[in-house]
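Q: One structure is given below, represented as structure tokens, and several questions about it will come after.
The values are calculated or read from the model by the stated rules, or taken from the named source; none is laboratory data. In this text the structure is predicted, and so the values were computed from the model without any measurement. Using ideal geometry, Cβ is built from the backbone for each residue, glycine included, and neighbour counts are taken over all protein chains shown. Surface areas here come from the heavy atoms of the whole protein model, side chains and all, with no ligands, DNA or RNA. Shrake-Rupley method; radii C 1.70, N 1.55, O 1.52, S 1.80 Å.
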Amino acid sequence: MQISRPRGTSDILPEEARRWRKLENVIHELCRLYGYGEIRTPIFETTDLFLRGVGEATDIVEKEMYTFKSKGKRANSLTLRPEGTAPVARAYLENGLYALPQPVKLYYIGPMFRYDRPQAGRYRQFHQFGAEIFGADDPAADAEVIALAMTFFKKLGLKGLELHLNSVGCPECRPVMREKLVEYFNLRIQECCQDCRNRLVKNPLRILDCKEDSCREIRRGAPSPVDCLCTECGAHFEHLRRYLDLLNIPYHLNPRLVRGLDYYTKTAFEIIIPGAGAQDAVGGGGRYDGLVQEIGGRSVPGVGFALGLERTLLLMLDGAGEVATAPGPEVFVVTAGETRDTATRLVADLRAAGLVADRDYTGRSLKAQMKYAGKLGARYVVIVGEDELRGGRVALKDMEAGRQTEVYLEEMVDFLRRAVGK
Ligand SMILES: [Zn+2]
Ligand SMILES: [Zn+2]
């Protein structure tokens with residue numbers, strides 16, 4: 001029986017991988033411009049990190065984590081990372097990055113894992129680009145990460161981006177928010193879905209972003225988080241909005257935007273491409289001033305985002321972001337007769353000299369090798385024939401011009417290097 005890949009995963013084949021590479025190059029270049037350093041954390045972490053850093057009353061922790069028991073005597077519970085912020089915060093803490101001049105600005109690209117119903121652009125192993133700023137509570141830092149995310153999408157030619165913005169308050173004003181929401185939903189909870197009935201007790205803010213139709217209808221008249229902000233959160237939000245205006249980044253105020261994660265404070269945002277399907281958010285983020293403390297550190301403010309790369313690539317398909325097809329080898333070495341030893345050395349020498357060189361490995365005839373070289377799109381073909389080789393020469397065919405000449409074998413590498421301009 002043939003074994004297939006697990007559901008919700010994908011193979012990225014070479015042609016597609018070139019588009020990924022292009023996307024990743026844009027990320028590395030942008031993050032360099034914005035002063036972010038790359039961080040690579042493990043694919044799995046202690047389960048506790050996500051229980052505390054993501055929050056137990058979230059869909060991620062309740063339904064979507066790939067959790068397994070490690071091996072050995074004191075085996076603990078491990079989880080394939082479902083998101084990147086908690087691991088980066090853990091790394092910041094564990095490596096003492098708080099001792100560096102603040103803020104510390106980090107970014108990552110990598111796979112995340114969530115047990116979710118697979119659909120277009122949504123996988124169980126998916127990739128995110130995320131950026132985080134630790135140690136800055138200035139709303140200008142919030143504006144910077146938003147600008148970075150928006151610029152990334154623009155660089156890739158994505159059109160029709162909408163920035164949705166909200167503030168979810170802080171530990172001081174959140175209780176007021178909760179109280180007002182509980183008061184509102186208590187009277188209507190029988191009409192809400194089962195998830196929201198649980199949320200009413202554990203995390204009432206999350207009822208605001210429930211996707212069920214019945215719940216959408218009920219929350220129409222619900223109190224807005226922004227109306228409950230304390231003075232400090234209100235001022236932070238106002239400053240952020242002014243910075244976005246200064247940066248010419250338009251936004252929509254969206255009181256329903258609460259994000260699924262418990263550690264978010266103040267700013268919450270989402271980037272949406274309307275009409276891009278049911279899951280039209282391509283990324284989001286916000287401030288998480290409570291996170292580092294939640295996972296056992298001191299109180300360190302933080303703000304960041306995570307963007308879905310599969311969805312970004314899907315949107316890149318229509319229009320910009322096209323990548324030219326891979327060029328063929330610069331040189332293809334063909335053997336005629338018993339010249340395989342010479343060909344083997346020649347290919348190695350060409351590659352060592354920085355030329356893209358290849359050869360046949362399936363025992364094709366001379367004619368078939370020539371045809372194969374043509375199919376690969378080889379620029380030059382070197383034909384190593386027995387007779388010519390006795391005179392120290394090989395034949396060189398310029399595939400574009402269709403011309404064939406003879407060159408001394410020992411001069412071949414230099415000759416070709418000049419020919420391709422290397
Ligand atoms: Zn507040
Ligand atoms: Zn609901």
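Q: Report whether or not Gly296 is assigned to a loop (DSSP other than H, G, I, E, B), farther than 25 Å from Ala147 by Cα and either outside the structural domain of Leu51 (by TED's automatic domain parsing) or not aromatic (Phe, Trp, Tyr) (or both).
A: On the way: assigned to a loop (DSSP other than H, G, I, E, B): yes; farther than 25 Å from Ala147 by Cα: yes; either outside the structural domain of Leu51 (by TED's automatic domain parsing) or not aromatic (Phe, Trp, Tyr) (or both): yes.
Judged against the criteria, Gly296 is a match.
Q: Which pairs have Cβ atoms under 9 Å, sit 6 or more apart or on different chains, and link a residue in region 211-223 that is within 16 Å of ligand 1 (Cβ to nearest atom) to one that is modelled with pLDDT of 85 or more and open to solvent by less than 20 Å² (accessible area, probe 1.4 Å)?
A: Note: pairs meeting the criteria are Pro223/Met177; Pro223/Leu181.
Q: Which condition breaks for Lys211 when tested against (1) more than 16 Å from ligand 2 (Cβ to nearest atom); (2) in a loop (DSSP other than H, G, I, E, B)?
A: Unmet for Lys211, out of (1) more than 16 Å from ligand 2 (Cβ to nearest atom); (2) in a loop (DSSP other than H, G, I, E, B): (1).
Here's the yes/no breakdown for (1) at pLDDT 90 or above; (2) more than 12 Å from ligand 1 (Cβ to nearest atom):
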position	(1), (2)
Met177	no, no
Tyr184	yes, yes
Ile189	no, yes
Arg199	no, yes
Pro225	no, no
Leu229	yes, no
His236	yes, no
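Q: Let me ask something additional. Quick check on Arg19: is it without any contact (Cβ under 8 Å) to a residue 24 or more places away in the chain and either in contact with a His (Cβ under 8 Å, 6 or more places away or on another chain) or within 26 Å of Leu315 (Cβ to Cβ) (or both)?
A: When the stated conditions are applied, Arg19 does not pass them.
Q: Quick check on region 118-130. Is at least one of its residues out of contact with any helix residue (DSSP H, G or I) (no Cβ under 8 Å at 6 or more places or on another chain), of a type in the set (A, V, I, L, M) and either assigned by TED's automatic domain parsing to the domain that holds Thr79 or open to solvent by 60 Å² or more (accessible area, probe 1.4 Å) (or both)?
A: Of the residues in region 118-130, the ones out of contact with any helix residue (DSSP H, G or I) (no Cβ under 8 Å at 6 or more places or on another chain) are 118-119, 124-125.
If we keep only those that are of a type in the set (A, V, I, L, M) too, we end up with none.
Looking through region 118-130, none of the residues is out of contact with any helix residue (DSSP H, G or I) (no Cβ under 8 Å at 6 or more places or on another chain), of a type in the set (A, V, I, L, M) and either assigned by TED's automatic domain parsing to the domain that holds Thr79 or open to solvent by 60 Å² or more (accessible area, probe 1.4 Å) (or both).
Q: Given the options Val356, Val300, name the one that is modelled with pLDDT of 95 or more and buried (at least 20 other Cβ atoms within 10 Å of the Cβ). Please lay out each step first, then the result.
A: Values: Val356 fails: buried (at least 20 other Cβ atoms within 10 Å of the Cβ).
Just one listed residue meets the conditions, Val300.
Q: Yes or no: Val258 without any contact (Cβ under 8 Å) to a residue 40 or more places away in the chain and either of a type outside the set (Ser, Thr, Tyr) or part of a helix (DSSP H, G or I) (or both)? Talk me through it step by step, then tell me what you get.
A: Details: without any contact (Cβ under 8 Å) to a residue 40 or more places away in the chain: no; either of a type outside the set (Ser, Thr, Tyr) or part of a helix (DSSP H, G or I) (or both): yes.
So Val258 fails the test.
Q: Which of the residues belonging to region 316-353 are at pLDDT below 95 and under 18 Å from Pro14 (Cβ atoms)?
A: Met316, Leu317, Gly321, Glu322, Val323, Ala324, Thr325, Ala326, Pro327, Gly328 - these are the residues of region 316-353 that are at pLDDT below 95 and under 18 Å from Pro14 (Cβ atoms).
Q: Please count how many residues of region 182-199 are closer than 16 Å to Glu217 by Cα and either assigned to a loop (DSSP other than H, G, I, E, B) or within 13 Å of ligand 2 (Cβ to nearest atom) (or both).
A: Adding up the residues that qualify gives 12.
Q: I would also like to ask the following. Could you look through region 224-233, keep only residues that are free of Cβ contacts under 8 Å to residues at least 40 places away in the same chain and in a helix (DSSP H, G or I), and pick out the one that is surrounded by the most Cβ atoms within 10 Å (Cβ to Cβ)?
A: Residue satisfying both the conditions and the ranking: Asp227.
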